[in-house]
1. Let me spell it out: the conditions are (1) part of a loop (DSSP other than H, G, I, E, B); (2) at pLDDT below 90; (3) charged (D, E, K, R), and residue 75 meets all of them except one. Which number is the exception?
2. Would you pick out the residues in segment 86-95 that are closer than 17 Å to residue 74 by Cβ and out of contact with any Lys or Arg (no Cβ under 8 Å at 6 or more places or on another chain)?
3. When you check residue 48 against the structure, is it in a loop (DSSP other than H, G, I, E, B), modelled with pLDDT under 80 and surrounded by 10 or more Cβ atoms within 10 Å (Cβ to Cβ), yes or no?
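The values are calculated or read from the model by the stated rules, or taken from the named source; none is laboratory data. Please read all numbers here as calculations on a predicted model, not as lab measurements. Using ideal geometry, Cβ is built from the backbone for each residue, glycine included, and neighbour counts are taken over all protein chains shown.
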Amino acid sequence: MPTVKKPMTTSKPFSAAEIAAARKAASTEPPLNSQKVDWSQGTVTSGGGVASTLAGLRRTRGPNKRPAKEQVAIRLDPDVVGALRASGPGWQTRVNSALKEWLASQPVKRKARPPGAV
């Protein structure tokens, strides 16, 4: 069973004198929340503050913005797929456009429904 290596520390631990000096310095400084803040350079956000502004920036495309495409699997000859892929990025979009053009040029054919079908 492999043993877990202990992490190597690059700095030496603080001495008792260094810790005492840091505590003394910290006790003489005022807390951060009691300091005066200059708000002259502040920015006012609309619509509920920073959280809503950030949420607005992170918005993604909602449902039904565009008709969703349906994923299908078709079997094509290797030379056809090779030629399409060799045409570069966007080859699937070009295939989709070519199929749309072909469908537009074809007469509408409806399958006969069996009796009793809804």
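1. Among (1) part of a loop (DSSP other than H, G, I, E, B); (2) at pLDDT below 90; (3) charged (D, E, K, R), residue 75 violates only (2).
2. Here is the first cut: in segment 86-95, the ones closer than 17 Å to residue 74 by Cβ are 91-95.
Selection gives 92, 93, 94, 95.
3. Spelling it out, residue 48 is indeed in a loop (DSSP other than H, G, I, E, B), modelled with pLDDT under 80 and surrounded by 10 or more Cβ atoms within 10 Å (Cβ to Cβ).
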